[in-house]
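Here's the structure, in structure tokens; my notes come after.
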Amino acid sequence: MYLQATTMNVWSPCGQTPVVRVDSGRSKAGFYGTLDLKTGEEIVIRSAQFNAEVSAQHLQQVLATFPGRPILFFWDRASWHRGEPIRRLLAANPRLKIMEYPVAAPDLNPQEQVWKQTRRAISHNHMTPKLPQLADDFECHLRSNTFGSSFLDRYGYHLVCPFLN
């Protein structure tokens, strides 16, 4: 996320163009997020960079959130989701399996809806003057809300799940 606000559906008096402040800087804040498809809860960490080391840290956070349980983790094909730190983590944690989404298929990824909802709630049309505060608000929204997803129902989880227990 950048400090610069994205403008969405702005009301203003007739004949008066709304003024949207822009930040000329390019500083940014980044987030790794994982949606628990059963509960709608978000697991999130903030990171200044996206690479295999931080991706592995996020996977470790997911493992710690669900101790002892098998995890099927759906992931997009971002370049930072590959590398030696990821291979080491997967080898050390056989209960974690990764399934990748097809190339260029963000519509299949429920996490994309989480980002969209949070941007709409926090970073569209915002008036926050400093990036750290905006990033705090973004993270707080992710942690304090649940995000519904039809992903499990759409792909038959509830039909198959009783046979897996």
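Computed from the coordinates by the stated procedures, all read-outs in this text should not be read as laboratory data. This one's a predicted model, so the numbers in the text were calculated from it and none came from an experiment. Note: ideal-geometry Cβ built from the backbone for every residue, glycine included; neighbour counts use all protein chains shown.
Here are the numbers for the structure shown:
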read-out: Residue list for segment 74-84, filter: under 20 Å from the mean Cα position of the chain (by Cα), surrounded by fewer than 15 Cβ atoms within 10 Å (Cβ to Cβ) and not charged (D, E, K, R); value: Ala78, Ser79
read-out: Meets criteria (touching a residue at least 12 places away in the same chain (Cβ under 8 Å), farther than 16 Å from Gly33 by Cα and in contact with a Pro (Cβ under 6 Å, 6 or more places away or on another chain)) for Arg95; value: yes
read-out: Breaking point among (1) surrounded by 14 or more Cβ atoms within 10 Å (Cβ to Cβ); (2) assigned to a helix (DSSP H, G or I), for Arg87; value: (1)
read-out: Positions within segment 109-135 being in contact (Cβ under 8 Å) with a residue 40 or more places away in the chain and either closer than 21 Å to Phe151 by Cβ or among the aliphatic types (A, V, I, L, M) (or both), in sequence order; value: Pro110, Gln111, Val114, Trp115, Arg119, Arg120, Met127, Leu131, Leu134, Ala135
read-out: Number of the condition not met by Val62 [criteria: (1) out of contact with any strand residue (DSSP E or B) (no Cβ under 7 Å at 6 or more places or on another chain); (2) closer than 21 Å to Phe151 by Cα]; value: (1)
read-out: Boolean, Leu72 is closer than 24 Å to Ser150 by Cβ and touching a residue at least 60 places away in the same chain (Cβ under 8 Å); value: no
read-out: Val44 surrounded by 12 or more Cβ atoms within 10 Å (Cβ to Cβ), hydrophobic (A, V, I, L, M, F, W, C) and in contact (Cβ under 8 Å) with a residue 40 or more places away in the chain; value: yes
read-out: Qualifying residue in segment 105-123 (condition: of a type outside the set (S, T, N, Q), outside any helix (DSSP H, G or I), surrounded by fewer than 13 Cβ atoms within 10 Å (Cβ to Cβ) and within 18 Å of the chain's Cα centre (by Cα)); value: yes
